[in-house]
Amino acid sequence: MALIAARGPYRGLILFFAVTPMGAMAAINLPALGGTSITVIDVAVAALFGLVLLGRDAHPARLAAAFMPRTPGVFLLLFLLYAAVASAFLPRLFAGDVEVFGIGRSANADGIVLTLLRPGNGNISQMYRLMLGLMIFATCAALVSRRPDTGHVLRLMVVATAINVALGLADILSYAAGLEALMEPFRTANYAMAIGHRMAGMKRMVGGFPEASAFGYYSVGLMGFWISYWISGTRRGRLVPVMLLLSVFVVLRSTSSSTYVATLAFCGLFVLVSLMSNVGGLLSRRGAALLVGFLALLPVVVYALYLTYEMVPGFQAFVDRSLFGKLETDSGVERMSWNTQALRNLIDTNLLGTGLGSMRASSWIFAALGSTGIIGTALLLAFLARLFLLRAGGVDAGRDDRDALIRGFKYGCVAQLLSALLSQPTPNLDSFFYAMAGLAFGLSRAVMPMPRTARAAPRSASSMLQRSI
């Protein structure tokens with residue numbers, strides 16, 4: 001926090017993105033609130049928001065602009081307000097009448113089992129997490145709309161990708177060398193740490209997160225951004241393809257079933273949207289060439305994977321464990337029961353929900369329905385709809401690169417949303433999702449200054465006209 005304050009909010013954004021891969025690193029643990037952890041990400045969000053709201057170069061008006069009518073932020077703010085009311089009253093209104101799979105630490109002291117609904121520390125912690133998401137969305141939007149430097153914005157994603165990959169490699173290398181203690185400074189939060197699990201004989205990569213699914217959820221967002229940005233055809237040398245390859249590597253190495261399925265769904269959706277864009281002549285030459293190559297090689301790749309699956313026992317065991325047999329495992333059956341119970345919670349509460357943080361599911365949409373009901377889910381869907389319709393406004397010299405970044409951030413959010421639909425236990429999509437959404441919104445509202453040469457021409461013509469008159 002002190003370092004962010006010293007560097008200022010705009011340069012402090014780099015520090016925030018540098019700590020986003022450290023999801024298991026606590027700044028403070030609060031035993032009085034059921035062992036709730038204040039992570040370094042939370043502290044960075046609070047520091048940035050405070051500087052933009054009250055600092056020397058404060059811009060509270062730009063923060064407020066993120067929540068104006070017809071913006072994505074207004075629906076996120078309305079969801080927060082509804083969730084606050086629902087979390088305060090619904091757990092008490094339906095207490096003892098509804099059974100839930102609790103999300104609070106105290107509710108799961110004996111494992112994740114059905115318990116009667118009652119107010120708990122989960123209501124507080126989830127509201128706190130959602131407020132942080134709202135704060136980083138508004139902060140990123142305010143800072144980038146004021147100074148829309150596309151090079152600086154791209155560096156944010158480079159830093160996040162590089163540190164995420166470095167932590168992932170450090171995780172598996174330290175485990176292989178028997179030096180797991182080297183990663184302990186990054187695992188200080190009061191979370192259940194699934195850091196030593198193996199799949200088909202392979203150590204699951206968790207990086208700076210408590211489990212492989214959380215690491216995969218973060219990594220697939222990076223992959224979605226870099227795929228879109230690279231195909232957009234912007235000229236950034238070798239940096240962009242390197243970042244793309246690194247992000248794809250950690251996604252594949254995460255061994256997370258939800259991440260793999262989300263990746264396949266994302267690729268299919270990306271190809272479909274790109275083909276539809278190509279009909280309107282909006283796809284770049286590089287993107288068109290890649291799509292043709294993808295469609296041509298798809299049968300070959302599918303057949304090669306089929307032969308490998310049939311002929312290589314190790315690969316067959318890995319695929320069965322991570323994909324085909326997932327729903328038949330005890331974990332898969334348990335997670336499906338969470339979703340089923342979430343729908344029961346929706347019905348039992350007359351479509352109002354049980355309150356944010358009162359129950360868990362194994363899918364973002366079921367968690368939203370079960371905890372915030374039809375009203376809360378509709379507000380979240382409206383936020384996403386507004387977000388995915390964003391595009392660069394105005395006419396300026398940097399519009400092409402801005403458009404590429406906005407599309408990249410939107411596709412990063414799409415990739416994370418697809419993963420959340422398979423595994424997210426709460427309606428909150430986490431700080432990194434809201435940060436990418438805020439950057440996309442900020443870039444869409446910014447108007448970049450024209451180069452000096454372009455601004456000088458009108459002045460020169462005007463002076464000549466005045467002299468002639």
Assuming a ≥ b ≥ c are the square roots of the Cα gyration tensor eigenvalues, decide whether the range 109-245 counts as rounded (a/c under 1.5), prolate (otherwise, with a/b larger than b/c) or oblate. oblate
So if each residue of separation counts as 0.36 nm, and I subtract the Cα-Cα distance between V113 and H152, what length gain in nm does that give? 9.4 nm
Computed FRET value (nearest 0.05) for E180 with A265, which takes r as the C-beta separation and R₀ as 25 Å: 0.15
A170-R92 FRET efficiency (beta carbon distance; Förster radius 41 Å; 0.05 resolution): 0.35
How far apart, in nanometres, would the label points at A162 and A378 be if each is projected 7 angstrom from Cα along the Cα-to-Cβ direction? 4.7 nm
Per the rule of 0.36 nm per residue minus the C-alpha distance, extending V273 to M193 adds in nm 25.0 nm
Mind checking the full-extension length gain between A84 and V333? Use 0.36 nm per residue of separation minus the Cα-Cα distance, one decimal, nm. 86.5 nm
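All of the numbers you see were taken from the coordinates with simple rules; none came from a lab. All values derive from a computational prediction rather than experimental measurement. Because the Cβ atoms are built from the backbone with ideal geometry, glycine has one as well, and the counts that use them run over all protein chains shown.
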